[in-house]
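K.L.:
Structure in C-alpha cells, see below.
The values are calculated or read from the model by the stated rules, or taken from the named source; none is laboratory data. For clarity, every value in this text was computed on a predicted model and none was experimentally measured. Neighbour counts are summed over all protein chains in view; Cβ atoms, including those assigned to glycine, are modelled from backbone coordinates with ideal geometry. Heavy atoms of the whole protein, side chains included, go into the accessibility calculation; ligands, DNA and RNA do not. Shrake-Rupley method; radii C 1.70, N 1.55, O 1.52, S 1.80 Å.
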Amino acid sequence: MAFQKPPGTQDVLPGNSETWQFVERTARELCRRFRFREIRTPIFETTELFQRGVGETTDIVEKEMYTFTDRGDRSMTLRPEGTAGVVRSYVENKLYGEPDIAKLYYIGPMFRYERAQAGRYRQFHQFGVEAIGSADPALDAEVIALGYSFYKDLGLSGVTVEINSVGTPEVRAAFRAKLLDFLTPMKDSLCKDCQSRMERNPLRVLDCKVDQAKFEGAPSILDSLNEECEAHFARVRECLDAMGIPYAINPRLVRGLDYYTHTAFEYKAQGIGAIDTVGGGGRYNGLVAEIGGDDRPGVGLGIGLERTLMLLESQGVKPDVGSGVDVYFIAMGERAEREAPGIVHRLREAGLAVERDYQGRKTKALFKAADRAGAKFAAILGDDELGRGEIALKNMAAQEQRQVPLDGLAETIKSLITE
C-alpha cells in the first residue's frame, strides 16, 4: 500500500516552493523596514500555555488542538497559533529587560484539527508580528499598516482592512448583558455552535458565518465603549488616516481568540472561496500577565500564507522567481569529464549557480536540458579546448557562442551577466 500525506496537509514541490520563498522574502524585507526582528519558538508547547493564552472557550482550544502526552507524562500541544509561544518566550527570556519595546516576527507552521477546505489546512503556515511593551494606539496602527503593506508589496489588489474596538474586560462585561438580551429570544433558531457560545462567550456568536443575517439590529459594542476605549480607537483611526491606509469599521468583528482588548482587525479579500479573511490580529493588553509575566501591553497580527498564495494565483500575480541557473556545464570527452567536477565546484565557490549532467546524455539533449533549466550560459568543455586552456561559452538567450580562457572563467561569466 502506497503511503500518502495525512489529510489536511500538502507537499510544497519544486516549482511552487519558489513562490513560497518569494512570499517569505517579502515578509522578511518588510519586517526589516519596520524594524521587527525574527523569533523562532518551538513547534510544540505545554498544553496549558494555549489553554490560558488562547482561551478555553475558543474553538481552537475546545476542538482543534493536536494534543498528546509525552514520555514524561506531560500534556503537550502542537502550536495552533503563534502569539502565545512568542509571549511565553518574551517572559521566559526576559525580553522586557531591553530598553525598547520588543518588536518580533515569526514565519512557520501551525497545526489545527479542523475540516480541510480551500485555503484551510491542518498544518498551515503563518507570518506574524508581535509588538510588546507599549499601549500606544499608534503602535496598533503600525501593525495594521505592516500587514496592509505586505499584501501591497506582493502585488495583490483588493485586500481591505476592517477594524473594531472590543474594549476592555469591563466594557465587554457590560456589552455581554446587552447582547444576551438581544440573542436569547432567538436562541433556538441559532446553530449549535452559537447556542453553545451563548453560554460561555456570547461575543463569539457575532463571529458566526452561518447566522450572520439574524444579527441585523444587534447592539454594537462601540456604543458600550468607555472614554478610554473611545479615545484609543479614535487615535488608531487617526493614525491610519495619516498613513493613507483605507479601512472600514465593522462593529461585529470580534476575532476568534479571547485575549484581544481594544483594537481588533482583519484583512479581507475576494476570490479564494467562502472564507474571505486572509489575516488579522489585535491588541492583547492582559496576555503577558495571564502567561505569568509582569503586565505588559502588546499588539500583533497573523497572516495565513496558504491563503496569500491562493490570492496570488486567483489574481494572476506571477512573481519573477527566476531559474537562478547561471551556467549549465557540459563536458565532452574523457579528460573534460575528469576536470569537470573541479571546475564546476570552483564556479560555485565564486558565487555562480551551476548545473551539470549526471545521466550521460548526448549533446543535443544537454542543450535542451540547459534550456529547461533556464540557464543564462552553457559552458562547453571538450578535450581539445582543455588542451588550449579554453572553454566555449554560449549565451542561451542570444544563441551566440565564443571561446574564452578557462583561467578566470568565473569572472568572465559574472561580467557578461552584469552587461
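K.L.:
Any idea what the relative contact order of the range 51-181 is, in percent, if you count C-alpha pairs under 8 Å spaced at least 6 apart? Mind dumping the intermediate values first?
P.N.:
Working: 116 pairs, mean separation 21.5, N = 131.
Rounded, it is 16 percent for the range 51-181.
K.L.:
Of the options 85, 104, 49, report the single residue whose Cα projects farthest towards the positive end of the charge dipole of the range 26-118 (beta-carbon charges: Lys, Arg +1; Asp, Glu -1).
P.N.:
Result: 104, furthest along the dipole toward the positive end.
K.L.:
Based on the alpha-carbon gyration tensor of the range 1-129 and its eigenvalue square roots a ≥ b ≥ c, which shape applies: rounded if a/c is under 1.5, prolate if not and a/b is larger than b/c, or oblate?
P.N.:
Working: a/c = 2.10, a/b = 1.11, b/c = 1.89.
Because a/c hits 1.5 or more and a/b fails to exceed b/c, the range 1-129 counts as oblate.
K.L.:
Next question. For 1, 332, write out the residues from largest to smallest accessible area, computed with a 1.4 angstrom probe and no ligands counted. Write down the numbers at each step before the final one.
P.N.:
Numbers: 1 225, 332 80 Å².
Largest accessible area first, the list is 1, 332.
K.L.:
Just to check, using Stokes-Einstein with a Kirkwood Rh over alpha carbon pairs, what's the diffusion coefficient of the chain at 25 °C and 0.890 mPa s in µm²/s?
P.N.:
Details: Rh = 24.9 Å.
Estimated diffusion coefficient is 99 µm²/s.
K.L.:
Same structure again: Cα axis of helix 83-92 to longest principal axis of the chain: angle in degrees, 0 to 90, nearest 10?
P.N.:
For helix 83-92, the angle is close to 90 degrees.
K.L.:
Still on this structure, please answer the following. Using the Cα centre as the reference, give the magnitude of the dipole from point charges on the C-beta atoms of the range 84-190 (Lys, Arg: +1; Asp, Glu: -1; all else neutral), rounded to the nearest 20 debye. Mind dumping the intermediate values first?
P.N.:
Numbers: 12 positive and 13 negative charges, 112 e Å.
For the range 84-190, the charge dipole is close to 540 debye.
K.L.:
How high is the FRET efficiency between residue 395 and residue 192 when r is their beta carbon distance and R₀ equals 60 Å, given to the nearest 0.05? Walk me through the intermediate numbers first.
P.N.:
Details: r = 66 Å, r/R0 = 1.11.
The calculated FRET efficiency here is 0.35.
K.L.:
I've got another one for you. Highest mean first, how do 158-166, 369-377 rank when packing is the count of other Cβ atoms within 10 Å averaged over residues?
P.N.:
On the way: 158-166: 20.8, 369-377: 18.4.
Packing proxy ranking, top to bottom: 158-166, 369-377.
K.L.:
Something else now. How large is the dipole of the range 270-419 about the Cα centre if only Lys and Arg carry +1 and Asp and Glu carry -1, each at its Cβ, rounded to the nearest 20 debye? Walk me through the numbers before you get to the answer.
P.N.:
Numbers: 19 positive and 23 negative charges, 79 e Å.
Taking the Cα centre of the range 270-419 as origin, the dipole is about 380 debye.
K.L.:
Which value, in Å², gives the accessible area per residue of the range 1-117 when a 1.4 Å probe is used on the protein heavy atoms?
P.N.:
Details: 6990 Å² over 117 residues.
Per-residue accessible area for the range 1-117 comes out at 60 Å².
K.L.:
Packing-wise, with mean Cβ within 10 Å as the measure, how do 84-90, 182-188 rank, highest first? Intermediate results must be reported in sequence, preceding the final value.
P.N.:
Values: 84-90: 24.7, 182-188: 12.6.
Descending packing order for the listed peptides: 84-90, 182-188.
K.L.:
Label the range 1-58 by shape, choosing from rounded, prolate and oblate, from the square roots a ≥ b ≥ c of the eigenvalues of the Cα gyration tensor; if a/c is under 1.5 it is rounded, and otherwise prolate applies when a/b is larger than b/c, oblate when it is not.
P.N.:
Values: a/c = 2.82, a/b = 1.03, b/c = 2.74.
Oblate, because a/c is 1.5 or more while a/b does not exceed b/c.
K.L.:
Let's test the formula: R0 of 30 Å, r as the Cβ-Cβ distance of residue 44 and residue 160. What FRET efficiency results, to the nearest 0.05?
P.N.:
On the way: r = 35 Å, r/R0 = 1.16.
So, using R0 = 30 Å, E works out to roughly 0.30.
K.L.:
Give the shape of the range 342-419 as rounded, prolate or oblate, defined through the alpha-carbon gyration tensor: a ≥ b ≥ c are the square roots of its eigenvalues, a/c under 1.5 means rounded, and otherwise the shape is prolate if a/b is larger than b/c and oblate if not. All intermediate terms of the calculation are to be shown ahead of the outcome.
P.N.:
Numbers: a/c = 1.31, a/b = 1.14, b/c = 1.16.
Rounded is the answer for the range 342-419, as its axis ratio a/c remains below 1.5.
K.L.:
Give me the percent of the accessible area of the chain that comes from carbon and sulfur atoms, probe 1.4 Å, all protein chains in place.
P.N.:
On the way: 10120 of 20950 Å².
Ligands and nucleic acids excluded, carbon and sulfur reach 48 percent.
K.L.:
While we're on this one: Using 0.36 nm per residue, how much length does the chain from residue 220 to residue 384 gain when fully extended, once their Cα-Cα distance is taken away?
P.N.:
Details: separation 164, 0.36 × 164 = 59.04 nm, distance 8.33 nm.
Here the answer is 50.7 nm.
K.L.:
Same structure, new question: Of 293, 359, 314, which is farthest on the positive side of the dipole of the range 265-367, counting Cα position, with +1 on Lys and Arg Cβ, -1 on Asp and Glu Cβ, and the Cα centre as origin?
P.N.:
Highest projection toward the positive end goes to 359.
K.L.:
To the nearest 20 debye, what charge dipole does the range 261-310 have about its Cα centre, counting +1 at the Cβ of each Lys and Arg and -1 at the Cβ of each Asp and Glu?
P.N.:
On the way: 4 positive and 6 negative charges, 32 e Å.
Dipole of the range 261-310, to the nearest 20 debye: 160 debye.
K.L.:
Under 14 Å Cα-Cα from residue 94, which aspartates and glutamates qualify once same-chain neighbours fewer than 8 residues away are excluded?
P.N.:
294, 295
K.L.:
Going highest first, how would you order 92-101, 35-44 by mean Cβ packing within 10 Å? Could the numbers behind the result be given before it?
P.N.:
Details: 92-101: 11.1, 35-44: 14.2.
So the peptides 92-101, 35-44, ranked by packing, come out 35-44, 92-101.
K.L.:
If you fit an axis through the alpha-carbon atoms of helix 169-183 and take the longest principal axis of the Cα set of the chain, what angle between them do you get, 0 to 90°, nearest 10?
P.N.:
Approximately 70 degrees, to the nearest ten.
K.L.:
While we're on this one: Name the residue from 279, 325, 240 whose Cα lies farthest towards the positive end of the charge dipole of the range 226-354, charges +1 on Cβ of Lys and Arg and -1 on Cβ of Asp and Glu.
P.N.:
Highest projection toward the positive end goes to 325.
K.L.:
Show which lysines lie in cross-link reach of residue 362 when reach means a straight Cα distance below 25 angstrom and same-chain residues fewer than eight apart are skipped.
P.N.:
Here the lysines satisfying the reach criterion relative to residue 362 are 376, 394.
K.L.:
Taking only protein heavy atoms and a 1.4 Å probe, what accessible area per residue, in Å², does the range 254-366 have with all protein chains in place?
P.N.:
Working: 4980 Å² over 113 residues.
Value for the range 254-366: 44 Å² per residue.
K.L.:
What does the convex hull of the Cα atoms come to per residue for the range 254-382, in Å³?
P.N.:
Working: hull volume 26.7 nm³, N = 129.
Once divided by residue count, the hull of the range 254-382 is 207 Å³.
K.L.:
Count of lysine pairs in the range 133-239 with Cα atoms under 28 Å apart, counting only pairs 8 or more residues apart in sequence or on different chains?
P.N.:
Step by step, the pairs that qualify in the range 133-239 add up to 9.
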